[in-house]
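Novice: The following block contains the structure, expressed as structure tokens.
Each reported figure results from applying straightforward, stated rules to the coordinates on display, with no laboratory input. Given the structure is predicted, the values throughout are model-derived calculations rather than measurements. Methodologically, a virtual Cβ is constructed for each residue, glycine included, from the backbone with ideal geometry; neighbour enumeration extends over all protein chains shown.
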Amino acid sequence: MEERGPMNDGIEIRESRREDLAALEVLHPAAFPDEDLLPLVRDLVGAGGDVLSLVAIADGELVGHVAFTRCGVAGRTERIDLLGPLAVAPARQRRGIGAALVGEGLRRLKDDGGSLVLVAGDPAYYARFGFVPEERVVPPYPLPEEWRGGWRSVGFGEIEPPLEGVLEVPPLWMRPALWAP
Ligand SMILES: CC(C)(COP(=O)(O)OP(=O)(O)OC[C@H]1O[C@@H](n2cnc3c(N)ncnc32)[C@H](O)[C@@H]1OP(=O)(O)O)[C@@H](O)C(=O)NCCC(=O)NCCS
């Protein structure tokens, strides 16, 4: 039986299903009008075990989505995940739904033996979850200058020796436009 996340002010967080795709195809363009994330989102929802894809449901409606993709660093066995994308329906933003999705994802990854979660995103937003600038693990494509402060990570404990090297991402993330839109 599918694990269900805690309720947060009437918000249910659960793993996405294929039937959610139609709603996700509306959500992402609404949250990111300037980016075409749908090919990535379709791949993430269909990816299976190496992707944790969570949706937020409020009043029976899909109002948020986050995905975490399992990645790696050469020569290391620790579990490393990449957060993204994260989207909340514009009419529902600033009510804690993004925070509930990220918090639930981090909790599940930690419980599942995760070591490090990386993100390329707004530094101020992700700092609130403990993400700090990441300098040792570098993205698979160079980020544009204005994004560099947004490359961050949060660890679930001390990693010795520290993880270092290029983040190895699965093919669905090997799209240069995702790293420099
Ligand atoms: C960013 C986003 C996911 C946040 O979700 P949310 O449910 O609105 O966020 P929360 O309610 O958990 O947190 C709200 C706080 O986040 C901050 N915040 C919200 N949107 C933000 C944004 N685009 N950039 C930076 N900070 C943001 C604000 O400080 C806000 O706090 P405040 O209302 O007290 O000022 C959502 O606004 C969204 O989908 N935006 C468009 C897509 C996007 O930019 N995604 C970023 C993923 S890398």
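Novice: How high is the relative contact order of region 1-106, given as a whole-number percent (alpha carbon pairs under 8 Å, six or more residues apart)?
Specialist: With pairs under 8 Å counted, the relative contact order is 26 percent.
Novice: If I model a spin label at ASP122 and ASP59 as a point 7 Å from the Cα along the Cα→Cβ vector, what separation in nanometres do I get?
Specialist: Between ASP122 and ASP59, the simple spin-label model gives 2.3 nm.
Novice: Also: Taking Rh as the Kirkwood radius computed over C-alpha pairs, what is the Stokes-Einstein D of region 43-132 at 4 °C in a medium of viscosity 1.567 mPa s, expressed in µm² per second?
Specialist: Diffusion coefficient, whole number: 94 µm²/s.
Novice: Report relative contact order for region 12-174 in percent, whole number only (criteria: Cα-Cα under 8 Å, sequence separation at least 6).
Specialist: 21 percent
Novice: Still on this model: Please check the chain for the longest run free of trypsin sites (Lys or Arg not before Pro) that are loop-located per DSSP (anything but H, G, I, E, B) and have at most 14 other Cβ atoms within 10 Å.
Specialist: 18-93
Novice: Report the equivalent ellipsoid semi-axes for region 92-181 in whole Å, largest first, defined as the square roots of five times the eigenvalues of the gyration tensor built from alpha carbon atoms.
Specialist: Output for region 92-181: semi-axes of 21, 19, 13 Å.
Novice: Which whole-number percentage describes the relative contact order of region 90-181, with Cα contacts under 8 Å and a sequence gap of 6 or more?
Specialist: Averaging sequence separation for qualifying contacts and normalising by length gives 32 percent for region 90-181.
Novice: Now for a separate question. Just want the ordering: SER115, SER153, from fewest to most Cβ atoms lying within 10 Å of their own Cβ.
Specialist: So the residues, fewest neighbours to most, are SER115, SER153.
Novice: Please turn the phi angles of region 93-98 into ³J(HN,Hα) values with the Karplus equation 6.51 cos²θ - 1.76 cosθ + 1.60 (θ = phi - 60°), one per residue in order, whole Hz, x for glycine and proline.
Specialist: Values per residue, Gly and Pro as x: 6, 6, 10, x, 5, x Hz.
Novice: Using a ≥ b ≥ c from the Cα gyration tensor of region 132-174 (square roots of the eigenvalues), is it rounded, prolate or oblate, where a/c under 1.5 gives rounded and otherwise the larger of a/b and b/c decides, a/b for prolate?
Specialist: oblate
Novice: Something else: So what is the calculated 222 nm ellipticity per residue for the chain, using -39500 (n - 2.57) for each DSSP H run with n of 4 or more, over all residues, to the nearest 500 deg cm²/dmol?
Specialist: -6500 deg cm²/dmol
Novice: With only alpha-carbon atoms counted, please give the Rg and Dmax of the chain, in Å.
Specialist: 15.5, 46
Novice: Which of ILE13, VAL45, VAL66 sits closest to the plus end of the dipole of the chain, meaning its Cα is farthest towards the positive end, when Lys and Arg get +1 and Asp and Glu get -1 on the C-beta?
Specialist: Result: ILE13.
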